[in-house]
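A.B. asks: Okay, here's the structure, questions in a sec.
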Amino acid sequence: MAEKLKSDGFKKKLLMMIGAQIIMYIGPLIIPTWGPVTPMGVKMLCVYVGVLFMFIATGDLFSGSLLGMLATILHGYSTANDMFLNVFGGSSSTQMVAMLTLATCVRETGALDILGRKIIRATRGMKKLPFLFCIVFMLAMYIVLWYISGLAAVMTLFPMFESIAKTVGYEVDEKWHKIMIVILFLMAGGASYSRGTNGLLLGWIGIFEKAVNFPYVYKPVQFMISSRITLAVILIVWMLVAKLLGADMKKLSKLEFDSIPELRKENCKWDKRQIICLILFFAVLIRSLITNPFAKDTLGYLIFATFDLRMGSFIALVLGTYIRIDGKPIMDVPKALSKLPWGVYLVLGTMMTIAGALSSMDLGIRAWLVQILSPIFGTSNYYLFCFMILLFTVFITNLMSNQATIMIMLSLAATFMDKFVDAGYNVTPLVAMICCLGNFAVLLYCSGPISPYFLDRKEMKADQKFVFTVVPLLLLVCVAFAAGGAVIFGKLIPA
């Protein structure tokens, strides 16, 4: 019986692989070009759909990624050398491996588990108010996610959260746990972009400034205040939605702290090894938050630029290997490397190339999206305008590159904003919401850098209905309140 099931599974997977190949190679032969989309644009769009079909139909990240890489090369969009270099040897790839290895080393020391226990002990006075505790705790996690975001958050803060949830008594398949994980994944994608000074974000702002037909001066403080307060309100509303959906928040009120060995004072102390690892980890993160203070092309600029997040992570790993306590290194780097999710890593590298092709101006897909979406945003109602812009931002970012989505939606919004500026609205809060919500991508494996980690979780694989009902609901609520925040701060903050 087991052999028959295995055989049937293999046949199904083989059929899905053939179907993906038909989409990738036959699709471009029968689908004509349209509008500004070029023949290569059609080919890469078919590759994107084929890879997406493979991921959804089989869940095989490795095979789907390899098929996408092969099709990208055979269609002539990239050479084999460039493709493999981009996936395995590019600066973003090496940075990802270095940072994830460092984060895994820190996690393996148990330091983050202790941090979670300290948080529970610090908030034990709120045990009789479990709903308020959940709000305060998630707001605290949100503040941390201003500075530790994306993959670093997934590899460090998320295990800490799971340790806390397990200590309180929540199983991973319970509704409370799953909804909290969704909220954390969404915030891990967008919260850090509320900082207002991120280098990538400033690039998006530059694109917006070139696209507008009115004088615009970017003010980071306005961006930061409006986005951070709006996202905090959204997080609280999400907690209310979780309660309405039946998430059990009462387990904390029944918790007897002294009866749990992990929460006793003697088990909530860091040892020397953990302290050193945490210092190295946070030193790397703090360096990543500091922009280059030196004038361009000076020696100081070159030295400071060299020691970026990637180099800092490698140095921390070397130090962690050679600093020894009781004759043992404080970091077990080989063990950390063996635990990295290499299949997910392959997906990220492959989809960065394919999604990047879709956002290229040369292939015409980006220009086509602007054309078809433009008629939708002609309303004179500012709230409706903000709602529609943000709704399409969230929708598109779950289909293609986050960066491409934000560039498209900022360029699109810029062409309709002059009448609202004349009406006295400050449009920076809306720009902030587009930048943040453009990173709320978790619904598909190719949605964003952290979506494979979310969808590859056992509880999400086991409950696809939850993923495609609760997650869209939370995103819709987010859009409604984000639009409200853009309108309110658009009036409160002087232009």
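A.B. asks: Go through the stretch 169-187 residue by residue and tally those that are modelled with pLDDT under 85 and buried (at least 19 other Cβ atoms within 10 Å of the Cβ).
C.D. replies: The total comes to 1.
A.B. asks: A further question on this structure: Considering only the stretch 170-216, state which residues are free of Cβ contacts under 8 Å to residues at least 24 places away in the same chain, more than 22 Å from the chain's Cα centre (by Cα) and either in the same structural domain as Asn292 (by TED's automatic domain parsing) or over 12 Å from Val431 (Cβ atoms) (or both).
C.D. replies: Matches in the stretch 170-216: Glu171, Lys210, Pro215.
A.B. asks: Scan the helices (runs of 4 or more DSSP H) fully inside the stretch 414-495 and keep the ones with 2 or more residues being at pLDDT 85 or above and crowded, with 18+ Cβ neighbours inside 10 Å.
C.D. replies: 428-437, 464-492
A.B. asks: Looking at the stretch 99-132, which of its residues are within 22 Å of Ala247 (Cα to Cα) and at pLDDT 80 or above?
C.D. replies: Phe131, Leu132, listed by residue number.
A.B. asks: In the stretch 263-278, which residues are farther than 18 Å from Ile330 by Cβ and either at pLDDT 85 or above or surrounded by 15 or more Cβ atoms within 10 Å (Cβ to Cβ) (or both)?
C.D. replies: Answer for the stretch 263-278, where residues must be farther than 18 Å from Ile330 by Cβ and either at pLDDT 85 or above or surrounded by 15 or more Cβ atoms within 10 Å (Cβ to Cβ) (or both): Leu263, Cys268.
A.B. asks: Tell me which residues, restricted to the stretch 320-340, are more than 29 Å from the chain's Cα centre (by Cα) and part of a helix (DSSP H, G or I).
C.D. replies: Residues satisfying the conditions are Thr321, Tyr322.
A.B. asks: Just checking, how many residues over the stretch 138-149 are farther than 15 Å from Val284 by Cα and surrounded by 20 or more Cβ atoms within 10 Å (Cβ to Cβ)?
C.D. replies: The qualifying residues number 4.
A.B. asks: Applying the selection to the stretch 365-393, what residues are under 18 Å from the mean Cα position of the chain (by Cα) and either surrounded by 23 or more Cβ atoms within 10 Å (Cβ to Cβ) or assigned to a loop (DSSP other than H, G, I, E, B) (or both)?
C.D. replies: Across the stretch 365-393, the qualifying residues are Leu390, Thr393.
A.B. asks: Being at negative phi and at pLDDT below 80, is that true of even one residue in the stretch 27-40?
C.D. replies: Checked against the condition, which is being at negative phi and at pLDDT below 80, the stretch 27-40 yields no hits at all.
A.B. asks: Further, regarding this structure: Keeping to the stretch 196-246, report how many residues are surrounded by 15 or more Cβ atoms within 10 Å (Cβ to Cβ), within 22 Å of Phe185 (Cβ to Cβ) and at pLDDT below 85.
C.D. replies: Count: 3.
A.B. asks: Also, quick follow-up: In the stretch 279-303, which residue that is within 25 Å of Cys105 (Cβ to Cβ) and of a type in the set (Phe, Trp, Tyr) is surrounded by the fewest Cβ atoms within 10 Å (Cβ to Cβ)?
C.D. replies: Across the stretch 279-303, the extreme among qualifying residues is Phe282.
A.B. asks: Quick one: count up the residues across the stretch 192-223 that are touching a helix residue (DSSP H, G or I) at 6+ places or on another chain (Cβ under 6 Å) and assigned to a helix (DSSP H, G or I).
C.D. replies: Selection size over the stretch 192-223: 9.
A.B. asks: Let me ask you something else. Identify all residues within the stretch 19-32 that are closer than 27 Å to Met361 by Cβ and surrounded by 14 or more Cβ atoms within 10 Å (Cβ to Cβ); write none if there are none.
C.D. replies: Those that are closer than 27 Å to Met361 by Cβ and surrounded by 14 or more Cβ atoms within 10 Å (Cβ to Cβ): Ile23, Met24, Tyr25, Gly27, Pro28, Ile31.
The values are calculated or read from the model by the stated rules, or taken from the named source; none is laboratory data. Model, not experiment: these values are computed from the prediction. So basically every Cβ, Gly included, is an ideal-geometry build from the backbone, and we count neighbours across all protein chains shown.
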